[in-house]
Amino acid sequence: MWLPCGCTSKYVASSFARRTLASYLHVSGRSRCNVAAFMPEAAGLEGVSGRAALRELSVSNSESFWAAVARHRLCWSTPFHTVQDCDLSRGKIKWFEGGKLNVSVNCLDRHVHTCPERVALIWERDERGSEMKYTYGELLEMTCRLGNLLRRHGVKRGDCVTIYMPTCPLAVASMLACARIGAAHNVVFAGFSADALAERIRDAQSSTVITVNQGVRGGKVTELKKTVDTAVQSCPTVKQVFVAMRTDNPVTMTARDIAMEEYVFSYHDGDVFGCVADIGWITGHSYVVYGPLANGATTVLFESTPIYPDPGRYWDMVERLKINQFYGAPTAIRLLLKYGDQWVNKYDRSTLKTLGSVGEPINTEAWEWYHRVVGDGRCPVVDTWWQTETGGICIAPRPSDPDAEIVPGMAMRPFFGINPVLMDTEGEVLTSNNTSGALCMAQPWPGMARTIHNDHQRFIDTYFQPYPGYFFTGDGAYRSEEGYYQITGRLDDVINVSGHRIGTAEIEDVVNQCPAVAESAVVGYTHSIKGQGVYAFVVLKKGIDVQEADLSRQLNGMVSEKIAKYASPDFIQFAKRLPKTRSGKIMRRVLRKVVESDLEGLGDLSTLDDPAAVQEIIQGHEKLL
Ligand code: 6R9
C-alpha cells in the first residue's frame, strides 16, 4: 500500500544498492516496530534495484512482483497457490487463489505484536483542540470487543453490516470488526438522508446497522439515530441497530436497538498521516482506515469541516497534531483559497512533508496555492488519480522516483503494476505521446474491483464492454510529450462545440485562473447551430465586489485567448455555491439538467452535500434566461 508521502528517504536504507522492493514499500530501514524485513532474493527479485526498474518489473512480470509483495507485506493464514487468474476480456478478476488472510489481523494484530503503544488513530474531533489518540493495542481491543458483540448478536460470515456513523474511532473499529468476523461492511456517509440510507440498507440486505445517537459536524448536531429509525421503517431485513453515544444526549431506544459502551483513550506521540476524507468515501476506506493501519501508521480521523470554527481549521490541526502528510480534495483547497492566505500563515506547518490531492482534477490556481502557501513552496504536491473501482492510487507524480520532477496539476506516472493506455474513438490504442483519449488499463492488479455486489453483468458491461480486453475507467486523459498523464475529467464531461471536442475541466481551469473566481463548473447544452454550447457556473471569492457583466467579458476574453474562441462560454451564471456530493465532487449531472431546464429529470439528489444549493442554482438559471 503506497501512501502519498513522497518523502521516502526516512524509510529507505541509505545505500542505493539496498533500495529494493522492500524500501519502496516502506519496509526496511524503519524502526524496530516494523513487520519482518523483506528479502527480495527470497522472492526471486534479486538484482532489482531502483524504483524505475521495479515499476518496469511490476508491469512486465506482474505475477512475480505481486506475489513478492503479497508474501512479504501481508500475513496469510493459508498461503495462496495461484497468483492470478484474470482475463480482462471477460471481466474475470481473480488474485491469490487459495490464499486466506484477515485484513483486520493485517491492520492490527501484527503491529500489536511489535509495538502495541504506537498511535494508530488520532481523532480530530469537531470540537477544536479536543483530539484523542488511540494506540494499536487499544484499537485491537476495541475491534475484538465489537467483533464479539456482533457475533453474539448473530452476525456471521457473509452478512453485510451497514455502518452509519461519523468519521470516528468506533466507526473504524466497526469496519475492522466486520472484517475480523468475515462480514462485509457497507459504510454510508453520515450526512445521507433517511431515504438514501434506506436504499443502501436494502441493497446490502443488512440485518444489522451500527450508528451513534447524534453526530456533530461544523458545530451542528445531526440526529443520526432518528434518521436510522426513519430509514429502517422501509427496511424489513433490519433486525438490530447498535447505538453508540457520540454526545451526552439520550435518544429513544426501541426493542430493536442495542446500546454500545464508550471506550478508553490514551495519548501518545507518533508519525502522523492526515487524510481528511470521510470514511464513507473510498478515500476514507483506503487512506484513513485500511492503508495506514495495514502499514502500522498513525492515522487522523477528521470529524469536522475545513471551515469550522473558521477557515484555519486544517492548518491549526496540522500544527497541533504535527501532521506529516496531508491528503485532501481540490474542492476544499478551492474553498480555503477563497478566504485568503492569512488563515494558513497563522499556523506552524513545518511538520508537513507532502501534500496530496484526490477526487477531481486540481486546477492550476489551487495547485499553486496549495504548494506555495500551504506547503511554503517546499512540500511536493502529489495529485493522485484513482477510483473506487481501482482500490488505491494508480497514477501519481512519484511512484517510481522520489526526486522526480512534478508538473502542476498532473497525476503524471503510473504506480507499480499499473499499465495505462489511451484509446481513440474507434477503440484503437493510441501509441504516440502528446495525445488524448479514453483512459483504460491494459493489465489487472490485485487492488482492482472484482465485481459489483449482486450484479456481475453490470460490472462487465460498465468496465469491460466498452474496450474489450481492457478495464475502462470512464475518464479521459492526455499523455504529454514526456509520457506524463493528465486527467481531463469524466468522458461524459467532454463537449463538442462546432465539431471541436473539449473537456469541460480545461475551460474551468482557465476561468479559475481569474483572481476573482473561487471555483467554476462548465457544462454543455444543446445549441441549434453549434451542436453544443458552453454554460459556465462561477463562484466568486469572498469579499469580491465586481460588476457581473464586466467579469463575464473578462472571463470570455481569457477563455478565447487561452483556448479558443469556440470554447468561450455562451452563458455565465454567478452562484453562491455549486451542488456537490459528500466527497466534494461537483454534481455536473444536476447542472446539465438545470441548464436543459429538465427539472423533472434531476434524478436522485440524496447524495448531495447540501440540497439547498440546487434550488439556488435553479433560481439563478431562471433569472439569467
Ligand atoms: C478516489 C476517488 C473517481 C473519479 C475518477 C476521476 C475523479 C479522482 C482524481 C480525479 C482527476 C485526480 N478523480 N482523483 N480526477 N485527478 N487526481 O475519487 O474515487 O469517488 O470513485 O471517484 O474521481 O473522474 O474516475 P471515486
query: Can E368 be described as without any contact (Cβ under 8 Å) to a residue 24 or more places away in the chain and either within 12 Å of the ligand (Cβ to nearest atom) or among the acidic types (D, E) (or both)?
result: no
task: Please state which of the following conditions T283 fails to meet, knowing it meets all the rest: (1) more than 17 Å from the chain's Cα centre (by Cα); (2) polar (S, T, N, Q); (3) within 16 Å of the ligand (Cβ to nearest atom).
output: (1)
statement: Among residues of the stretch 306-331 being surrounded by fewer than 19 Cβ atoms within 10 Å (Cβ to Cβ) and under 24 Å from I586 (Cβ atoms), the residue nearest to the ligand (Cβ to nearest atom) is I307
task: Return yes or no: is F302 within 28 Å of H185 (Cα to Cα), away from the ligand (no atom under 12 Å from the Cβ) and free of Cβ contacts under 8 Å to residues at least 60 places away in the same chain?
output: no
statement: Every listed condition ((1) more than 13 Å from V534 (Cβ to Cβ); (2) surrounded by 15 or more Cβ atoms within 10 Å (Cβ to Cβ); (3) more than 16 Å from the ligand (Cβ to nearest atom)) holds for R582 save (3)
Residues that are touching a residue at least 40 places away in the same chain (Cβ under 8 Å) and not polar (S, T, N, Q), drawn from the stretch 519-538: E519, A521, V522, V523, G524, Y525, H527, Y535, F537
- request: Search the stretch 439-471 for residues being in contact (Cβ under 8 Å) with a residue 40 or more places away in the chain and either within 14 Å of the ligand (Cβ to nearest atom) or in a strand (DSSP E or B) (or both), and hand back the single one that is surrounded by the fewest Cβ atoms within 10 Å (Cβ to Cβ).
  value: A449
- request: Would you confirm whether any residue within the stretch 87-105 is under 29 Å from P169 (Cβ atoms), without any contact (Cβ under 8 Å) to a residue 60 or more places away in the chain and part of a helix (DSSP H, G or I)?
  value: no
field: Within the stretch 106-214, strands (runs of 3 or more DSSP E) holding 2 or more residues that are within 17 Å of A294 (Cβ to Cβ) and not hydrophobic (A, V, I, L, M, F, W, C)
entry: 132-135
query: Can you tell me which residue in the stretch 58-77 is surrounded by the fewest Cβ atoms within 10 Å (Cβ to Cβ), limited to those that are touching a Leu at 6+ places or on another chain (Cβ under 8 Å) and among the polar types (S, T, N, Q)?
result: S77
- request: Please specify each residue of the stretch 238-261 satisfying the condition of being of a type in the set (S, T, N, Q) and touching a helix residue (DSSP H, G or I) at 6+ places or on another chain (Cβ under 7 Å).
  value: none
message: Here are the criteria: (1) touching a Lys or Arg at 6+ places or on another chain (Cβ under 6 Å); (2) free of Cβ contacts under 8 Å to residues at least 60 places away in the same chain; (3) exposed (fewer than 15 other Cβ atoms within 10 Å of the Cβ). Tell me which single one K542 does not satisfy.
response: (2)
Unmet criterion (only one of (1) within 16 Å of the ligand (Cβ to nearest atom); (2) farther than 30 Å from E368 by Cβ; (3) surrounded by fewer than 16 Cβ atoms within 10 Å (Cβ to Cβ)) for N496: (1)
- request: State all residues of the stretch 560-576 that are modelled with pLDDT under 95, of a type in the set (D, E, K, R) and under 12 Å from V534 (Cα atoms); if no residue qualifies, say none.
  value: K565
- request: Filter the stretch 395-430 down to residues that are modelled with pLDDT of 90 or more and near the ligand (Cβ under 9 Å from one of its atoms), then give me how many there are.
  value: 2
query: Is it the case that some residue within the stretch 449-461 is farther than 30 Å from S206 by Cα and not small (G, A, S)?
result: no
query: Restricting attention to the stretch 248-265, does a residue exist that is at pLDDT below 95, within 16 Å of the ligand (Cβ to nearest atom) and not basic (K, R)?
result: no
- request: Quickly run through the stretch 334-356 and pick out the residues that are touching a residue at least 40 places away in the same chain (Cβ under 8 Å), within 16 Å of the ligand (Cβ to nearest atom) and under 16 Å from R378 (Cβ atoms).
  value: T354, G356
Residue within the stretch 384-394 that is more than 16 Å from the ligand (Cβ to nearest atom), under 24 Å from K92 (Cα atoms) and assigned to a loop (DSSP other than H, G, I, E, B) present: no
message: Just to verify a result, which residue in the stretch 161-194, among those that are small (G, A, S) and surrounded by fewer than 24 Cβ atoms within 10 Å (Cβ to Cβ), is nearest to the chain's Cα centre (by Cα)?
response: G191
- prompt: Hey, does the stretch 394-403 have a residue that's buried (at least 19 other Cβ atoms within 10 Å of the Cβ), polar (S, T, N, Q) and either under 24 Å from A52 (Cα atoms) or touching a Cys at 6+ places or on another chain (Cβ under 9 Å) (or both)?
  reply: yes
field: Which listed residue, of G474, G557, G483, is at pLDDT 90 or above and touching a Leu at 6+ places or on another chain (Cβ under 9 Å)
entry: G474
- request: May I ask you to list pairs of residues, at least six apart or on different chains, whose Cβ atoms are under 6 Å apart, with the first in the stretch 570-598 being closer than 19 Å to L491 by Cβ and the second being among the polar types (S, T, N, Q) and part of a loop (DSSP other than H, G, I, E, B)?
  value: T581/T607
query: Taking the stated definitions as given, is V517 away from the ligand (no atom under 16 Å from the Cβ) and over 29 Å from Y339 (Cβ atoms)?
result: no
message: Just to verify a result, which residue in the stretch 475-493, among those that are at negative phi and among the small types (G, A, S), is farthest from the ligand (Cβ to nearest atom)?
response: S480
- line: Taking the stretch 266-314 and keeping residues among the aromatic types (F, W, Y) and at pLDDT 90 or above leaves F273, W281, Y287, Y290, F302, Y308, Y314
message: So if I check each of G377, G359, which one is within 13 Å of the ligand (Cβ to nearest atom), part of a loop (DSSP other than H, G, I, E, B), modelled with pLDDT under 95 and touching a helix residue (DSSP H, G or I) at 6+ places or on another chain (Cβ under 9 Å)?
response: G359
- prompt: Going by the structure shown, is C107 in contact with a helix residue (DSSP H, G or I) (Cβ under 6 Å, 6 or more places away or on another chain) and closer than 21 Å to T390 by Cβ?
  reply: yes
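The values are calculated or read from the model by the stated rules, or taken from the named source; none is laboratory data. Nothing here was measured: the structure is a model prediction, and the numbers come from that model. Here Cβ is always computed from backbone atoms with ideal geometry, including for glycine, and neighbour counts include all displayed protein chains.
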